[in-house]
Amino acid sequence: MSFVSKAFPEQLVPPGEIEARYPERGLLDGALVTRVGPSPTGMMHIGTLYVGLLNSLLAHQSGGSAILRIEDTDKLREVDGASNFIAESLKSFGIDFDEGPFDTLGNLGEYGPYIQSQRKEIYHSFAKFLLESGKAYLCFATTEELEQIREKQGQSSARTGYYGEWAIWREKPAEAVADALNVGLPWVLRLRSEGKHVRKIAFTDDIFGKREMAENDHDIVILKSDGVPTYHFAHVVDDHLMRTTHVIRGDEWLASVPMHLQIFEAFGWRAPRYAHVAPINKVEGVSRRKLSKRRDPEASVRFFEEQGFPKNAILEYLLSLADSGFEQWRMDNPTTSLFEFPLSLESFQAGGGPIFDFDKLDHVSKEYVSQLTAVEVFDLGVGWATKHDTELAARLSEDPDYARAALSIERGGEQARKDIRKWSDLRSEIGYFFDDWFDLTEDKISEQLSFIELAEINKLAQDFLKSFDLNDERTEWFSKMKNVAVKHGFAARPRDFKRNPEAYKGSVAHAAQIFRVLLTGESTSPDLFSVMQVMGLDRIQRRLSIGLSS
Ligand code: GLU
């Protein structure tokens, strides 16, 4: 038995037959087949969402296909159920994948399986082919031997790594390999690199442009000692068989491109195009760094979800980070779905990486919510609150029409209210509409209306109630308020009060402010007339009568 079949004793489908199962896709010119390859480590990283969104949009806008592939070759980092969680999470954001391992839908697509741990035979078949053709070899070097190599390299100031003359198993005769296999020594499979460090390889990255990098001369591991492929090898085999046209991934992989192109070449396959996206950064002191899963809570998508940022607002923010043209497009197309934004790799910035900016996210989110209808805000708000704030959910749902009416004030149009950034803001922004949450004490009144005594406030309010009619139009309502105010010593026009402040208790604006505080407990609110229309007569009477009993 040759050492090749000893190393791969299992029955393997030959590469040619596997190839035939994954034919060319026959897509139209210019259609992109993209993929995102998250590792199931138990959290949804904001970077996965970011790159997932970009891949999905670019594929779909070109009439191509987007693949979700779970890259679980590192079993130590894997968390149970994480693959499903990532697939579901991307779906919950409305990010569409045509192919992938979706639990609820089953595996979608003809180019699977889409979980790397289910593709072991495929990797082995191609790995065996490389071994047979001499393009890869078995390496039995022990940890101690590798350590010694490193030490010697250190002493002679040579580059570290397993390459050239340092690669002690590269030129071993077949008998030595067979002997090592026979005694059952553990091995890894290494690529027999043909690269020369002094030579350059040129390639074009769709974001970074033309690059020249040193060729890879390291005999990199392609199968680990447990038979699991390394990322480098697995992604090449997968992207070839899945007929990926564009590998759009984090730029931490840019340095590995020479290695990856080399593996494609060893098989004689055409490499896909590469586009390396700068990761999202954060500023720390004077320096910037990539968002860290361990150190930064905002690296996790859950962090934003828990606070109640609308999913679409998070996506809009991510698009604004990726493509400098997004904000202008949004202004020109305020109501178009974000998924219709014509994303262009050409507008991406190479390297550096955008800084995550919370103020900007707030801004994008406010703009987004301001474009929603009251029904949408209600539905999305209740959906969020049901999971994260059950009291708010109950409050909104006890009288849905009332809650929707409160939300409909100043909604839609140019002057839409922009007070809600995230669903948790609903408590503070419309909480006062609900009697259980409305808690206005005399102390609070005196604090907010320090220019006037409580007794005077009561007199003004009672007088106003006498003429108040919920059916009045806005102008009628206002003139009644003005008349009452004037009767109680307020100036009809702000400038009269300004000129002669001693002569008045304030202006009509001050009087309106008194009603606002009594009705909402707040010194700012949306349009007071609309607020009163929604609150209804009963509630208005109750609230304007505060303090009467004392
Ligand atoms: N599994 C790789 C990662 O998590 C994916 C890189 C790629 O998209 O090729 O970084």
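The values are calculated or read from the model by the stated rules, or taken from the named source; none is laboratory data. Predicted model, so just to flag it, every value in this text is computed and none were measured. Every residue, glycine as well, gets a Cβ built from its backbone with ideal geometry; the counts of neighbours run over all protein chains shown. Quick note on the areas: whole protein, heavy atoms, side chains included, nothing else; ligands and nucleic acids left out. Shrake-Rupley method; radii C 1.70, N 1.55, O 1.52, S 1.80 Å.
Laid out as a table, the results:
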quantity	calculated
Filter result for Glu165 (surrounded by fewer than 20 Cβ atoms within 10 Å (Cβ to Cβ) and within 14 Å of the ligand (Cβ to nearest atom))	no
Within region 450-550, helices (runs of 4 or more DSSP H) holding 2 or more residues that are crowded, with 18+ Cβ neighbours inside 10 Å	454-467, 474-487, 508-520, 528-544
Region 1-16, subset open to solvent by 50 Å² or more (accessible area, probe 1.4 Å) and not in a loop (DSSP other than H, G, I, E, B), residue nearest to Asp98 (Cα to Cα)	Gly16
Candidate set from region 427-449 (those that are open to solvent by less than 40 Å² (accessible area, probe 1.4 Å) and touching a residue at least 60 places away in the same chain (Cβ under 8 Å)); member that is nearest to Leu407 (Cα to Cα)	Phe433
Output for region 216-238, where each listed residue is out of contact with any Lys or Arg (no Cβ under 7 Å at 6 or more places or on another chain), open to solvent by less than 30 Å² (accessible area, probe 1.4 Å) and farther than 16 Å from Lys128 by Cα	Asn216, His235
Complete set of residues in region 379-415 that are open to solvent by 60 Å² or more (accessible area, probe 1.4 Å) and among the hydrophobic types (A, V, I, L, M, F, W, C)	Leu380
Region 199-244 - residue that is hydroxyl-bearing (Ser, Thr, Tyr) and within 14 Å of the ligand (Cβ to nearest atom) and, of those, farthest from Ala31 (Cα to Cα)	Thr230
Yes/no for Arg150 being under 20 Å from Gly195 (Cβ atoms) and either outside any helix (DSSP H, G or I) or open to solvent by 30 Å² or more (accessible area, probe 1.4 Å) (or both)	no
Given (1) in contact with a helix residue (DSSP H, G or I) (Cβ under 9 Å, 6 or more places away or on another chain); (2) within 15 Å of the ligand (Cβ to nearest atom), index of the condition Lys6 fails	(2)
Lone unmet requirement of (1) modelled with pLDDT under 95; (2) closer than 27 Å to Met43 by Cβ; (3) of a type in the set (S, T, N, Q) for Ser324	(2)
Any chance Ala31 is surrounded by 12 or more Cβ atoms within 10 Å (Cβ to Cβ) and in contact with a Ser or Thr (Cβ under 9 Å, 6 or more places away or on another chain)	yes
Single condition Lys418 does not satisfy, out of (1) among the basic types (Lys, Arg); (2) open to solvent by 40 Å² or more (accessible area, probe 1.4 Å); (3) farther than 25 Å from Gln533 by Cα; (4) assigned to a loop (DSSP other than H, G, I, E, B)	(3)
Strands (runs of 3 or more DSSP E) fully within region 17-102 counting 3 or more residues that are within 16 Å of the ligand (Cβ to nearest atom) and modelled with pLDDT of 90 or more	33-36, 65-68
For Trp423: the one exception among (1) over 24 Å from His510 (Cβ atoms); (2) open to solvent by 30 Å² or more (accessible area, probe 1.4 Å); (3) not in a helix (DSSP H, G or I)	(2)
Qualifying residue in region 366-379 (condition: under 18 Å from Phe304 (Cα atoms) and aliphatic (A, V, I, L, M))	yes
Count of residues meeting criterion [among the hydroxyl-bearing types (Ser, Thr, Tyr) and within 11 Å of the ligand (Cβ to nearest atom)] in region 245-258	1
Residue that is more than 30 Å from Gly209 (Cα to Cα) and modelled with pLDDT under 95, where the choices are Gly413, Gly381	Gly413
